[in-house]
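Since the structure comes first, as structure tokens, the remarks are kept for the end.
The values are calculated or read from the model by the stated rules, or taken from the named source; none is laboratory data. Computed from a prediction, not measured in an experiment: that's the story for all the values here. Because the Cβ atoms are built from the backbone with ideal geometry, glycine has one as well, and the counts that use them run over all protein chains shown.
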Amino acid sequence: MGDEGLARLVPEAARRTLVMGILNVTPDSFSDGGQHASVETALAHARRLLDEGADIIDVGGESTRPGADPVAAEEELRRVIPVIEGIRRFSQVPISVDTTKAVVARAAVQAGAQVINDVSGLAADPEIATVAASTGAYVVIMHTLGPPKTMQLQIRYSDVVADIITFLRRQIEVAVAAGIPRERIIIDPGIGFGKTVGHNLEILRRLREFLVLEQPILMGTSRKSFIGRVLDLPVDQRLEGTAATVALSIANGAAIVRVHDVLQMVRVARMTDAVLGRWSGE
């Protein structure tokens, strides 16, 4: 549902699941912090993500892992803008900027980004919706219980899926009121953001319930701690667990999967799409 607007961003969205490749230009992200902190290494990794089949590249300059300290806007700009500009010099791939700050979002769109991925769901900086509306950017509205520093400290829901749907419905209306067309809105239940392991598993089981909002669903499960808890594995050994969650996300209605291991997850996505009847072969 709502995939027609997404197909204007990436035409392939009309026939298959999209894979968003993660490019963290941070020193402290939970999985790959510091690996792509220089512009040169970040751009080399962007090329690799494209070679492996990424449909969108998500560039983030502030860690959103649980307990992470906030980053000043000036530092975030210093990290992400040269990378976005660099990618745009060699590719027209859609670029997403992972930020909660309007000033960063505006500069990123001016540098070539087409998607604003806001993990606060437009709540941290009210001006970010205005930026998306005025620039024509797509926006990802994600659910969380607060900033990364505190989001895991007081986790309470009456019904985790119903409560998230209520939040997302309200924030979709905030976006529309700011002038963002519904066809440019993507939703994300926020796996790992203010949720227990049980909550994350329940969201995966009940993901189809989010289709009631009639917006494309983005799922970000890649290498996350709930996989490590279930399998008792460190972050660098969560490939198979990630694959299982990606396949289930797609089977239950996700339009985009956000991942670190693009090559492997492209294969998972294609196979899952085929099982679901989206194979164009014989």
Determine, yes or no, whether Leu145 is aliphatic (A, V, I, L, M), modelled with pLDDT under 95 and over 21 Å from Val259 (Cβ atoms).
yes
Residue check: is Ile191 outside any loop (DSSP other than H, G, I, E, B) and β-branched (Val, Ile, Thr)?
no
Could you say whether any residue in region 254-267 is modelled with pLDDT of 95 or more, of a type outside the set (Gly, Ala, Ser) and in a loop (DSSP other than H, G, I, E, B)?
yes
For region 43-52, check the following and say yes or no: at least one residue is in a loop (DSSP other than H, G, I, E, B), of a type outside the set (S, T, N, Q), out of contact with any Lys or Arg (no Cβ under 7 Å at 6 or more places or on another chain) and modelled with pLDDT of 95 or more.
yes
Within region 40-87, of all residues that are over 17 Å from Gly112 (Cβ atoms) and β-branched (Val, Ile, Thr), the one surrounded by the most Cβ atoms within 10 Å (Cβ to Cβ) is Thr64
Out of contact with any Asp or Glu (no Cβ under 9 Å at 6 or more places or on another chain), of a type outside the set (A, V, I, L, M) and touching a residue at least 12 places away in the same chain (Cβ under 8 Å): does that describe Glu214?
yes
Candidates Tyr138, Tyr157, filtered to the one that is over 27 Å from Glu75 (Cα atoms) and aromatic (Phe, Trp, Tyr)
Tyr157
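Matching residues to (1) surrounded by fewer than 23 Cβ atoms within 10 Å (Cβ to Cβ); (2) without any contact (Cβ under 8 Å) to a residue 12 or more places away in the chain; (3) more than 19 Å from the chain's Cα centre (by Cα):
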position: Val119; (1), (2), (3): no, no, no
position: Thr130; (1), (2), (3): yes, no, yes
position: Tyr157; (1), (2), (3): yes, no, yes
position: Val161; (1), (2), (3): yes, no, no
position: Phe167; (1), (2), (3): yes, no, no
position: Arg182; (1), (2), (3): yes, no, no
position: Ile187; (1), (2), (3): no, no, no
Residue by residue through region 213-243, note down the ones that are assigned to a loop (DSSP other than H, G, I, E, B), among the basic types (Lys, Arg) and surrounded by fewer than 21 Cβ atoms within 10 Å (Cβ to Cβ).
none
Within region 253-282, which residues are surrounded by 15 or more Cβ atoms within 10 Å (Cβ to Cβ), over 22 Å from Val59 (Cα atoms) and either acidic (Asp, Glu) or under 17 Å from the mean Cα position of the chain (by Cα) (or both)?
Gly253, Asp273
